[in-house]
1. Would you confirm whether or not the stretch 183-199 contains a residue that is over 37 Å from the mean Cα position of the chain (by Cα) and modelled with pLDDT of 85 or more?
2. Looking only at the stretch 69-84, which residues are of a type in the set (Gly, Ala, Ser) and either surrounded by fewer than 22 Cβ atoms within 10 Å (Cβ to Cβ) or not in a strand (DSSP E or B) (or both)?
3. Report those helices (runs of 4 or more DSSP H) wholly inside the stretch 501-617 carrying at least 2 residues which are touching a residue at least 40 places away in the same chain (Cβ under 8 Å) and among the hydrophobic types (A, V, I, L, M, F, W, C).
4. Going through Val498, Val488 one at a time, which residue ends up being of a type in the set (A, V, I, L, M, F, W, C) and part of a helix (DSSP H, G or I)?
5. Of everything in the stretch 620-642, what is over 12 Å from Thr608 (Cα atoms), in a helix (DSSP H, G or I) and open to solvent by 40 Å² or more (accessible area, probe 1.4 Å)? Give them in sequence order.
6. Of all residues in the stretch 368-399, how many are touching a Phe, Trp or Tyr at 6+ places or on another chain (Cβ under 9 Å), buried (at least 19 other Cβ atoms within 10 Å of the Cβ) and not β-branched (Val, Ile, Thr)?
7. Is it true that some residue in the stretch 299-315 is open to solvent by 50 Å² or more (accessible area, probe 1.4 Å), at pLDDT 80 or above and not in a helix (DSSP H, G or I)?
8. Is one or more of the residues making up the stretch 458-466 modelled with pLDDT of 80 or more, in contact with a helix residue (DSSP H, G or I) (Cβ under 9 Å, 6 or more places away or on another chain) and open to solvent by 10 Å² or more (accessible area, probe 1.4 Å)?
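The values are calculated or read from the model by the stated rules, or taken from the named source; none is laboratory data. Here the structure is a predicted model, which means the values were calculated and not measured. Because the Cβ atoms are built from the backbone with ideal geometry, glycine has one as well, and the counts that use them run over all protein chains shown. SASA here: full protein model, heavy atoms, side chains in, ligands and nucleic acids out. Shrake-Rupley method; radii C 1.70, N 1.55, O 1.52, S 1.80 Å.
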Amino acid sequence: MCSLWVYCALTAKKPLGLINLSGGLKVRKVKKPVFFIVLLCIIAFGYLTYAGIHTQYGDIKTSYIKGVEDIRWGIDIQGGVNATFEPADNYDATKEEMDAAKAVIEQRLVSLNITDSEVYVDYKKNKVMVSFPWQANEESFDPEAAVSELGETAKLVFRKGKEEKGEQVLTGNDVKKAEVRQTQDETTGNIKYVVSLTLNNSGKKAFADATTELAGKGFISIWMDDKCISAPSVNSAITDGECVIEGNFTYDSAKALADKINAGSIPFDLKTTSTNIISPTLGEGAKNAMVIAGLIAFIVIAAYIIIIYKLPGFVASIALIGQVIGSIACITGFFGNIDSFTLTIPGIAGIILGIGMAVDANVIIFARVKEELSAGASVHSALRAGFHKAMSAILDGNITTLIAAAVLWLRGSGPVKGFAQTLALGIVVSMFTALVVTRLLVYSFYAIGIRNPKVYGRVKEERKPIDFLGKKKVFFVVSIALCLSGFVVMGINSARDVGALNYSLDFVGGTATTVTFDKEYTLEEVDSQMVPELEKITGDKNVQVQTVKGTNQVVFKTQTLDLEKREAFESYMQNEFGVKEEIATENISSTVSSEMRMDAVIAVIIATIFMLLYIWFRFKDIRFATSAVVALLHDVLVVLAFYAIARVSVGNTFIACMLTIVGYSINATIVI
């Protein structure tokens with residue numbers, strides 16, 4: 001349906017079609033044994049990617065090539081460590097100080113390349129609760145050792161210039177406080193946000209000397225744990241210990257910087273009060289279930305393209321195996337000296353989208369081949385023309401999606417960055433497999449004498465096209481109604497005070513209730529025996545459950561519970577399951593901060609602008625670009641309407657879903 005937005009925006013004077021890149025693909029003679037050479041390379045690459053190459057000397061393991069066991073899975077898939085931090089020496093921290101402590105932990109998780117983590121704050125009890133995945137290839141380890149680095153006091157340093165080796169000016173102990181202030185821009189009159197710093201007496205003179213030296217010509221950078229978090233220029237000498245950091249700040253981004261600076265000056269250490277190992281949020285066996293589902297999906301796709309495209313479909317299936325192997329190799333880092341990153345549900349969505357685009361690329365090529373064969377061309381001419389004509393469509397579709405992935409990676413954070421990484425890697429691998437591997441394999445079959453047109457999917461008669469444009473008014477009405485229905489339902493939901501969307505804990509926070517039973521329950525038992533009734537008691541249709549390994553404890557995460565619901569929860573557990581030990585409840589903050597949400601929205605907007613500019617430049621017509629953006633907006637709004645009407649839970653999976661829609665929609669539109 002979205003393709004109508006593209007086609008109907010154009011006039012008959014400019015027919016819709018593909019623009020071939022100059023030169024196209026140069027077809028060289030492929031020798032007979034190439035198929036077996038490529039197949040052996042894929043098999044060898046697959047083995048190395050799966051098993052890796054390691055050496056073991058005593059307790060020291062050295063990885064030269066990483067295998068699948070080196071993938072660090074997210075807590076949603078494999079589980080991990082849960083730790084609770086509190087201020088040492090019973091220090092009574094303020095809300096601002098707890099936010100600063102949270103910022104320290106989040107910063108350190110990012111520096112450890114852990115993009116999948118949950119960091120909650122209970123302001124009433126002065127607790128910071130952290131969940132993060134296990135190390136790769138670990139099934140059990142000492143959780144206390146795993147979290148020791150996170151709770152250390154933040155090391156904040158101010159340095160001259162932008163380099164880490166610059167002369168030290170201040171430390172975190174010299175900062176009294178950092179806070180967000182709202183001011184008015186003297187030039188435009190617009191309201192803007194700045195970060196205001198107040199220094200202690202110990203830092204005033206050193207800062208005055210440094211700013212006097214650098215005024216109008218230098219920078220003072222701010223470093224936390226050896227990572228630069230800001231590098232403002234020095235406009236004038238600052239001698240009173242009061243300064244302001246200006247920039248294109250929103251309130252959230254300004255507060256995030258202020259929290260990080262305050263983290264280096266918080267007057268307490270963090271101590272670990274509890275550590276334990278938790279189960280995957282998706283349930284035990286989630287990883288195996290996903291592998292099985294992936295294999296089934298691959299078999300179905302391979303069978304379909306083989307039935308439709310015959311020999312080329314078989315070749316494409318082999319190339320797709322190479323695509324999957326290449327994607328996994330990129331995730332692990334493959335070589336021992338390259339870091340891997342945490343693979344989460346959004347990251348898997350990026351892999352699936354990359355594989356989908358690889359399938360699309362092969363379908364585009366072989367559809368062109370079938371068209372040439374139907375027109376009476378020889379097999380060799382059809383293959384040459386098919387690869388040549390498909391190349392521009394494949395490149396344009398992949399480049400626009402790659403632009404989106406690059407912007408999402410640069411501007412996004414957390415699950416957004418994980419999605420962008422796997423998507424970008426998948427795009428690069430898919431172009432190689434479609435334009436190089438598939439071509440080599442197809443021509444090798446031709447070289448050994450398989451030249452019957454029927455084997456290459458020859459079409460005997462032209463199919464009658466479906467007249468979508470003849471019913472464009474109907475489709476326009478349906479599309480507009482679907483898009484607007486989402487806003488209408490969100491308005492009604494807001495008026496009913498149930499929230500425009502059904503936000504999960506990731507977005508709004510809630511209550512974590514820890515129950516200790518007299519025996520150990522599995523997640524499957526909890527889901528079947530307890531969750532249905534708890535959904536009625538709490539009014540939450542998305543109760544999250546985690547078991548604590550090695551104990552009889554189960555953690556239930558729900559929307560915020562008032563006193564009445566907490567009492568009903570406790571009564572149910574005591575009466576139905578004989579719970580005698582005290583049931584612990586804690587209010588938890590959201591894990592997807594407003595800053596992260598704003599970063600995601602800004603990243604999508606910037607990506608859309610860059611894609612619009614590329615399409616305009618590539619097709620020399622602004623109508624192509626605007627139509628593609630309208631089609632993209634249409635797809636996003638239809639999915640948003642579904643979430644609003646069906647009240648599907650909006651959490652990290654929602655982010656993965658929307659990003660996938662953005663990536664695939666623009667790719668499909670460009671191909672058309």
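1. The answer is yes, given that some residue of the stretch 183-199 is over 37 Å from the mean Cα position of the chain (by Cα) and modelled with pLDDT of 85 or more.
2. Result: Gly74, Gly79.
3. Helices (runs of 4 or more DSSP H) meeting the threshold: 505-508, 563-577.
4. Val488
5. Ile622, Arg623, Val638, Phe642
6. 8
7. Yes, the stretch 299-315 contains a residue that is open to solvent by 50 Å² or more (accessible area, probe 1.4 Å), at pLDDT 80 or above and not in a helix (DSSP H, G or I).
8. No, the conditions are met nowhere in the stretch 458-466.
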